[in-house]
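Every number here is computed from the coordinates shown, using simple stated rules; none is lab data. Being a predicted model, the structure only gives us computed values, none of them experimental. Glycine also receives a Cβ, built like all others from the backbone with ideal geometry; neighbour counts cover every protein chain displayed.
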Amino acid sequence: MNKMKIDKRLNWYLRWPLYLSILLICMNLIVYCVNTRAGVIVTGFLIIYIICAFALFLARKHNIMAGLIGYASDYSQVQRHLMRELAIPYAMLDKEGRLMWGNDEFLGLIEEGKYSCKYIWNIFPVITANTLPTDMMDQELHITWQNRNYKIVLRRIKVDDFSEKLQDTKVESEDENVLITLYMQDETELTAYQQELEDCKLIVGLLYIDNYEEALDNVDEVRASLLLALIDRKVNKYMQTMDAIVKKLEKDKYVFMFKKKYLDQLESSKFSLLEEVRAISIGNEMSLTISIGLGISDDGYLRSYEYARAAMDLALGRGGDQAVVKAGEKLTYYGGKSVQIEKKTRVKARVKAHALRELMEAKERVVIMGHKTGDVDCFGAAIGVYRISTALGKKTHIVINEITTSVRPLIQRFQTNAEYEDDMFLNSQEAMDIVDYNTLLVIVDVHRPNLTECPELLQKTRHIVVLDHHRQSGDVVENAVLSYIEPYASSACEMVAEILQYIEANLKLRQVEADAMYAGMIIDTNNFLTKTGVRTFEAAAFLRRCGADITRVRKMFRSSNQEYRIRAESISRMEIYLEHYAITECNADGMESPTVLGAQVANELLNISEVKASFVLTPYNNMIYVSARSIDELNVQMVMEKLGGGGHMSVAATQLKDVDMPRAKQMIRDVLLYMYNEDELN
């Protein structure tokens, strides 16, 4: 304590009698000027005063200092006592993170004998050397300790002569006097209240019956009423389990609201209502399926409803029979195992055809673009749209960068035909030079911007049309003026063939154009074996009437001897995983279109009786292309989506970057095993 210093103001106050002596000396000099005898008398008394004041100051200084120091000591003891008994856990660390001192509340919380003088991260692993504050800014962390929630605040402080004031903290005087204080605020109740508030937020949901009209077509009125009553009962009973408000908007549409705390219950059951409704049967030939869209937003109920609408559009665009949860930009999918139901009516195709014609007539130029590494279906659909645009008198171009071996026989027929202009086909750079605000951009056979032939074109014009038959994903072309995505369609060529029939009464395809579109349908349906319906054959019949020749198309797609050998080698290396899933690689080095060979191998593997789905991995352009195929026993789109891809229930694909072949195969095995454990493979 001998190093403690008295405040300057207090020191001045104690010496004021001595300072007053100076004033008295000045007064004495003035008295001398007035009267010498009086000055002598005053001098005598002044000397006596100075001697007495100085003597008293020297005699009492030690006692006064001892009293002040005693008071400071007692005050310090009170401070330490209060700190030790402070109700908030409080501790001090050195700058390296070692625990140097803690009050009773803190030491009782961490079991003093076990953790004293150890690094703080040995007590709280969430605190690391990197989280310790290095400047005067506080660091805040949230932890759970002994079933309670705490907020930890770390603060860096500099203290002068701190070692003298806290003798029992083991702080060395030469330690630069830099410490880190730590206090813990119990926020268990606050967290509970926040969670309760979060759980009470309302989520808006929409529920649609996907195939209402189709399922009731062949059911008599009595059974139809009973079937709808059973669905109503299932829906209302399901909503009661989560205390939801449900209202029937139309005969096949519901809106409902429920507390957010029930969302985990729905997700853990994977929206079991989908299965319950599909299982309803009273003699109806076709099972009814439903789609559910949920919207979650902190910006109000209106935004939640908008999210629910977007989620429902996505669920229907993916073929229905599934639930989609949209929370901001995050999308989660459940269900989607059943085969899409083909719509018998062509009303939608007619409406879209008329809208497409109006858009084309309003623009000076039309540019058509498909997906990267375009296949025959993509090319055939582009040719169909080209015929529509040229029939309306518009300057039209098709964007294509890489001509694959499957597309080359078709494109050569156009390049050598004098009826078609030399600039019919453009690459991306050439297209960038001509696309402007007055250009209509038509995207076929793809709806994901990053998979298009030239994504930069999407920023060059706001007038975009999307025609696609793949199941919709969350990543779609934004602000499209016309979007026609029908996952039930077998191919993009089928969709365009239907549109062609409503554009103009006398519009007819040329023979070479009909061949291209017919070839696209053959390839995507695997010779009309996959995803074919009544409308598929009606579209094929239309193309045949336009001059499509089956024999000519078949000759164009015959394989070479080398391609046949590669396919045979790939099949011979096949691995059967989980008894029913074929995995193999297709090494097609030197071939122009390795991915096409991979797709062909995937189709051929389905001819093996015990194979439910096939996955063929093809290395190409420093990536691994995965082709997934099934008949109707596995939704391969769900598998590919977990790897960043997509497609249809029976035809899907993805591209894996920065992985080698063994790792890519293991990724597929991991996804299949996960889905097997979650009962999602059936």
With a Förster distance of 22 angstrom and the Cβ-Cβ distance between residue 253 and residue 350, calculated FRET efficiency to the nearest 0.05 equals 0.40
Least to most buried among 462, 156, by other C-beta atoms within 10 Å and fewest first, runs 462, 156
Measuring from its Cα centre, segment 600-682 shows a charge dipole (+1 at each Lys and Arg Cβ, -1 at each Asp and Glu Cβ) which, in debye to the nearest 20, is 300
For residue 140 and residue 481, extending 7 Å from Cα along the Cα-Cβ vector and measuring point to point gives, in nm, a value of 4.9
Between the modelled labels at residue 433 and residue 49 (7 Å from Cα along Cα→Cβ) the distance in nm is 10.7
Taking Cα atoms only, helix 661-677 is inclined relative to the longest principal axis of the chain by an angle, in degrees rounded to 10, of 90
Any residue on another chain or 5+ positions along whose placed amide H is under 5 Å from the amide H of residue 613 is listed here as 582
Using alpha-carbon positions, the gyration tensor of segment 257-402 gives root eigenvalues a ≥ b ≥ c; with a/c under 1.5 called rounded, otherwise prolate if a/b exceeds b/c, else oblate, the class is prolate
Taking a straight Cα-to-Cα line shorter than 13 Å from residue 330, and setting aside same-chain aspartates and glutamates fewer than 8 residues away, one finds 475
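Would you mind ranking 247, 260 by Cβ crowding within 10 Å, fewest neighbours first?
On the way: 247 9, 260 14.
Ordered by Cβ neighbours within 10 Å, fewest first: 247, 260.
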Residue span residue 534 to residue 278: 0.36 nm per residue of separation minus Cα-Cα distance leaves a gain in nm of 89.8 nm
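Per DSSP H run of n ≥ 4, the term is -39500 (n - 2.57); total these for the chain, divide by its residue number, and report the mean residue ellipticity at 222 nm rounded to 500 deg cm²/dmol. Display every interim value, and only then the final one.
Details: 24 runs with 294 residues, N = 682.
Roughly -13500 deg cm²/dmol at 222 nm, from the helical runs in the chain.
Taking 0.36 nm per residue of sequence separation and subtracting the Cα-Cα distance, how much length would be gained by fully extending the chain between residue 36 and residue 223, in nm to one decimal?
On the way: separation 187, 0.36 × 187 = 67.32 nm, distance 13.74 nm.
Roughly 53.6 nm would be gained on extension.
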log10 I(q)/I(0) for segment 218-335, Debye formula on C-alpha points only (no solvent), q = 0.20 Å⁻¹, two decimals, reads -1.18
Between the modelled labels at residue 196 and residue 181 (7 Å from Cα along Cα→Cβ) the distance in nm is 3.3
Scoring only Lys, Arg, Asp and Glu (+1, +1, -1, -1) among other residues with Cβ under 15 Å from the Cβ of residue 569 yields -2
Note, segment 277-292: 3J(HN,Hα) by Karplus (6.51, -1.76, 1.60, θ = phi - 60°), whole Hz, Gly/Pro = x, goes 5, 5, 7, 5, 8, 10, x, 6, 5, 10, 6, 7, 10, 10, 10, 10
Highest mean packing first, using Cβ neighbours within 10 angstrom, the peptides 581-591, 180-190 sort as 581-591, 180-190
Rounded to the nearest 10 degrees, the helix 188-199 long axis (Cα) sits at an angle to the longest Cα principal axis of the chain of 30
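Neighbouring Cβ atoms within 10 Å as the yardstick, rank 268, 389 fewest first.
Arranged by neighbour count, lowest to highest, 268, 389 become 268, 389.
What is the dipole size for the chain, taken about its Cα centre, with +1 at each Lys and Arg Cβ and -1 at each Asp and Glu Cβ, in debye to the nearest 20? Intermediate results must be reported in sequence, preceding the final value.
Working: 80 positive and 94 negative charges, 308 e Å.
Roughly 1480 debye, rounded to the nearest 20.
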Among (1) 291; (2) 189; (3) 152, the entry matching volume of the Cα convex hull per residue in Å³ as calculated here is (1)
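Hey, what D do you get for segment 556-682 in µm²/s if you plug the Kirkwood alpha-carbon radius into Stokes-Einstein at 37 °C and 0.692 mPa s? Could you put the intermediate results ahead of the total?
Numbers: Rh = 14.4 Å.
The diffusion coefficient I find is 228 µm²/s.
Where Lys and Arg each count +1 and Asp and Glu each count -1, what net charge lies around residue 560 among other residues with Cβ under 14 Å from its Cβ?
On the way: positive: 408, 555, 558, 565, 567; negative: 563, 592.
Around residue 560, the charge tally is +3.
Using the Cα gyration tensor of segment 347-556, with a ≥ b ≥ c the square roots of its eigenvalues, what is the shape: rounded (a/c below 1.5), prolate (a/b larger than b/c) or oblate (neither)?
Because its axes are fairly even, with a/c under 1.5, segment 347-556 counts as rounded.
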Given backbone amide H placed at 1.01 Å from N, residues whose amide H is under 5 Å from that of residue 368, ignoring those fewer than 5 places away on the same chain, are 397, 398, 399, 442
In whole angstrom, the spacing between the Cα centers of segment 591-624 and segment 217-284 equals 40
Going through 270/352; 201/253; 234/260; 234/259; 326/612 one by one, the pairs whose alpha carbons sit over 26 Å apart turn out to be 270/352; 326/612
Measuring from the longest principal axis of the C-alpha atoms of the chain, the long axis of helix 36-84 (C-alpha) lies at a number of degrees, nearest 10, equal to 40
The local net charge around residue 202, scoring Lys/Arg +1 and Asp/Glu -1 for residues other than residue 202 whose Cβ lies under 10 Å from its Cβ, equals +3
Given 4 °C, 1.567 mPa s and a Kirkwood radius over Cα pairs, the Stokes-Einstein diffusion coefficient of segment 581-620 in µm²/s is 126
